[in-house]
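The values are calculated or read from the model by the stated rules, or taken from the named source; none is laboratory data. The structure displayed is predicted, hence computed values, not measured ones. Cβ placement follows ideal geometry from the backbone for every residue including glycine, while neighbour counts extend to all protein chains displayed.
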Amino acid sequence: MSLEEAEQRYAAECEARERDAAEQNEELDQLIAGLGYGTVDAVQEYVSIVLMNSVYPEHFPVKHESSFDPTAAELTLRLTIPGPEAVPKTKAFKYTKSTDQITETQLSQKDMKDRYAGIVHQVALRSLHEVFEADRREIVRSISLELGAKTISPATGRETYVPFVAVAVERSAFAGLDLSSVVPSATLDHLGATVSKNPMGLVEIDSSGIKRVS
């Protein structure tokens, strides 16, 4: 490749990068302007960005859907987590010097039940916090959240959705919490949430009357 060709290629690459940057900046400006007016699309896009940037283990992806009602300033949020089969069953690893072997200790059924229930409670509370905290303009005044799992039904052998948590929270009520000191299950109870008694056993809540994301 000649010097002239290399310079032309470099100039074309620079132009493409500048064009991409300009398009991204324009999209960002439109998002910021939309948030300023509290438009539905902007709020939903911003919430999606916030929750997509929430880091979970690779083997435990958390998916979300949302819709925003500007009249009531309410966000309806639906979270979908993996079923109990995605939770590690290992309690600890032990090395035995005499045999030069590493053995694995499994969690008891009760510990597994407690671990999965704890995950359910923590993801629900964490998601409420992330949305309210990121929304510095306080566009969202309340959140109606439902959390459940997509898993294989032992009865039918087919994938099914099982709701585990439903809660409606006002911003003012959530702002009064000190999340550094709470027990998630107790906090959800304090907020008036409907919570499954046994998520590990795929015991669902009564979801009648619960707002769902369309």
Taking region 53-83 and the residues there that are surrounded by 13 or more Cβ atoms within 10 Å (Cβ to Cβ) and β-branched (Val, Ile, Thr), the one that is farthest from the chain's Cα centre (by Cα) would be THR76
Given the structure, is SER98 modelled with pLDDT of 65 or more, of a type in the set (Gly, Ala, Ser) and within 30 Å of THR151 (Cβ to Cβ)?
-> no
Wholly inside region 104-214, helices (runs of 4 or more DSSP H) that include 2 or more residues that are under 21 Å from THR80 (Cβ atoms) and modelled with pLDDT under 90 are 109-134
Within region 121-138, can one find any residue that is at positive phi and over 16 Å from the mean Cα position of the chain (by Cα)?
yes
For region 135-153 the number of residues that are acidic (Asp, Glu) and under 13 Å from GLU65 (Cα atoms) is 1
Among GLU159, GLU204, the single one that is in contact (Cβ under 8 Å) with a residue 12 or more places away in the chain and either surrounded by fewer than 18 Cβ atoms within 10 Å (Cβ to Cβ) or out of contact with any helix residue (DSSP H, G or I) (no Cβ under 8 Å at 6 or more places or on another chain) (or both) is GLU204
Next on the checklist: Could you go through region 67-83 and let me know if any residue there is assigned to a loop (DSSP other than H, G, I, E, B), under 16 Å from GLU146 (Cα atoms) and modelled with pLDDT of 90 or more.
Outcome noted: yes
